[in-house]
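S.K.: Once you've had a glance at the structure underneath, I'll fire off some questions.
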Amino acid sequence: MQPLQIVPCRLLSWLHSGLKSPVSTRTRICPTMARPSSSMADFRKFFAKAKHIVVISGAGVSAESGVPTFRGAGGYWRTWQAQDLATPQAFARNPSLVWEFYHYRREVMLSKEPNPGHLAIAECEARLRGQGRRLVVITQNIDELHRKAGTKNLLEIHGSLFKTRCTSCGVVAENYKSPICPALLGKGCEEAGCEGLLRPHVVWFGENLDPAILEEVDRELTLCDLCLVVGTSSVVYPAAMFAPQVSARGVPVAEFNMETTPATNRFRFHFQGPCGTTLPEALAPHETENVS
Ligand SMILES: [Zn+2]
């Protein structure tokens, strides 16, 4: 497997340096190695054999359910964007304002539902479990739509809109109260003897990921025999951090997103389009399943 991983990188570096390939016959022999395959039939062969699948999901999957990111053009809450308020400094300056922002984001989620991409992943996990196979989702999304779709093996590396953390004692609690703001008036943490101020249990700009979760992520990435990158391009975090680690072991990585990037060429498969369209096809049951 190793030589297959090296070829596309060499081709890329030749392109960047403007040099002609020194072994042009070799590139003609395996022209498909320069770019990933978009053959669903070939992907399905790997999928049929995989025992331990990791799905890395990003903002694109949530966007297909209409979840706003408050980033980029038009991505404002009042006059702010996420990077203005999702920081420890903003919370230290004005915790009420930051809580209002997160309160708004929680309320928005009441009207959002998992899309066919979320559902295909959750259904696949349940089906594979019955066959003694494993699927785990590693997500940067904080909206819990994977959970709502039924995903059980879930690593939320950026935390959740629906969890609070006490700034004093550190206790993390689920919180689905609506609205959350009046509940926070005059009281904070509900642990006995602790009246600490609660904050959203999410990872803010400039903050580190939870080392315990990163350890779990690392274990899954080390064990998996197939990796899907969905709703995020492979040059964008978190896939940029995790997928190359899997690919370097010779394990097939399949991207499902709206665009290609130069990094796409490091991976075995790329399926362009909405995850809500591509994933249900990719993860559908095989006719030969359930024979046991
Ligand atoms: Zn506390």
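The values are calculated or read from the model by the stated rules, or taken from the named source; none is laboratory data. Because the structure is a prediction, the values reported are computed rather than measured. Neighbour counts run over all protein chains shown; Cβ positions are idealised from the backbone, glycine included.
S.K.: Looking at the range 261-289 only, could you name the residues that are assigned to a loop (DSSP other than H, G, I, E, B) and in contact with a Gly (Cβ under 8 Å, 6 or more places away or on another chain)?
M.R.: Answer for the range 261-289, where residues must be assigned to a loop (DSSP other than H, G, I, E, B) and in contact with a Gly (Cβ under 8 Å, 6 or more places away or on another chain): just PRO274.
Quick grid of which residues meet (1) in contact (Cβ under 8 Å) with a residue 40 or more places away in the chain; (2) in a strand (DSSP E or B); (3) hydroxyl-bearing (Ser, Thr, Tyr):
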position: PHE91; (1), (2), (3): yes, no, no
position: HIS103; (1), (2), (3): yes, no, no
position: LYS148; (1), (2), (3): no, no, no
position: SER168; (1), (2), (3): no, no, yes
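S.K.: Take the residues in the range 44-53 that are among the aliphatic types (A, V, I, L, M) and outside any loop (DSSP other than H, G, I, E, B); name whichever of them is surrounded by the fewest Cβ atoms within 10 Å (Cβ to Cβ).
M.R.: ALA48
S.K.: Confirm whether ALA254 is farther than 18 Å from ARG134 by Cα and buried (at least 19 other Cβ atoms within 10 Å of the Cβ).
M.R.: For ALA254, the condition - farther than 18 Å from ARG134 by Cα and buried (at least 19 other Cβ atoms within 10 Å of the Cβ) - is not met.
S.K.: Here's a follow-up. ARG127 versus (1) part of a helix (DSSP H, G or I); (2) closer than 27 Å to ALA240 by Cβ; (3) modelled with pLDDT of 95 or more: which is the lone unmet condition?
M.R.: Of the numbered conditions (1) part of a helix (DSSP H, G or I); (2) closer than 27 Å to ALA240 by Cβ; (3) modelled with pLDDT of 95 or more, the odd one out for ARG127 is (2).
S.K.: Let me ask something else about it. I'm trying to understand the selection: among the residues of the range 67-107, which are of a type in the set (A, V, I, L, M) and crowded, with 16+ Cβ neighbours inside 10 Å?
M.R.: Passing the criteria: VAL67, ALA82, LEU85, ALA86, ALA90, VAL98.
S.K.: Also, I was wondering about something else. Of the residues ALA82, ALA73, ALA59, only one is under 16 Å from ASN115 (Cα atoms) and modelled with pLDDT under 95; which?
M.R.: Testing whether each residue is under 16 Å from ASN115 (Cα atoms) and modelled with pLDDT under 95 leaves just ALA59.
S.K.: Does SER247 fit the bill of being under 26 Å from ASP143 (Cα atoms), surrounded by 13 or more Cβ atoms within 10 Å (Cβ to Cβ) and of a type in the set (Gly, Ala, Ser)?
M.R.: Judged against the criteria, SER247 is not a match.
S.K.: Right, next: Which members of the range 54-66 meet the condition of being exposed (fewer than 14 other Cβ atoms within 10 Å of the Cβ) and under 14 Å from THR139 (Cα atoms)?
M.R.: Listed by number, the list is empty, since nothing qualifies.
S.K.: If we scan the range 54-72, do we find a residue that is in a helix (DSSP H, G or I) and not small (Gly, Ala, Ser)? Walk me through it before giving the result.
M.R.: First, the residues of the range 54-72 that are in a helix (DSSP H, G or I): 59-63.
Those still in the list that are not small (Gly, Ala, Ser) too: 61.
Checked against the condition, which is being in a helix (DSSP H, G or I) and not small (Gly, Ala, Ser), the range 54-72 yields at least one hit.
S.K.: Continuing with this model, one more query. Residue under question is ILE142, and the condition is that it be under 22 Å from PHE242 (Cα atoms), within 13 Å of the chain's Cα centre (by Cα), not in a helix (DSSP H, G or I) and not hydroxyl-bearing (Ser, Thr, Tyr); does it hold?
M.R.: Numbers: under 22 Å from PHE242 (Cα atoms): yes; within 13 Å of the chain's Cα centre (by Cα): yes; not in a helix (DSSP H, G or I): yes; not hydroxyl-bearing (Ser, Thr, Tyr): yes.
Answer is yes for this residue.
S.K.: Mind checking which residues of the range 211-245 are in a loop (DSSP other than H, G, I, E, B) and either touching a strand residue (DSSP E or B) at 6+ places or on another chain (Cβ under 8 Å) or within 16 Å of the ligand (Cβ to nearest atom) (or both)?
M.R.: If the condition is that a residue be in a loop (DSSP other than H, G, I, E, B) and either touching a strand residue (DSSP E or B) at 6+ places or on another chain (Cβ under 8 Å) or within 16 Å of the ligand (Cβ to nearest atom) (or both), then CYS224, ASP225, GLY231, THR232, SER233, SER234, PRO238 are the ones that fit.
S.K.: Going by the structure shown, is ILE142 surrounded by fewer than 17 Cβ atoms within 10 Å (Cβ to Cβ) and either among the aliphatic types (A, V, I, L, M) or within 16 Å of the ligand (Cβ to nearest atom) (or both)?
M.R.: Details: surrounded by fewer than 17 Cβ atoms within 10 Å (Cβ to Cβ): no; either among the aliphatic types (A, V, I, L, M) or within 16 Å of the ligand (Cβ to nearest atom) (or both): yes.
It is false that ILE142 is surrounded by fewer than 17 Cβ atoms within 10 Å (Cβ to Cβ) and either among the aliphatic types (A, V, I, L, M) or within 16 Å of the ligand (Cβ to nearest atom) (or both).
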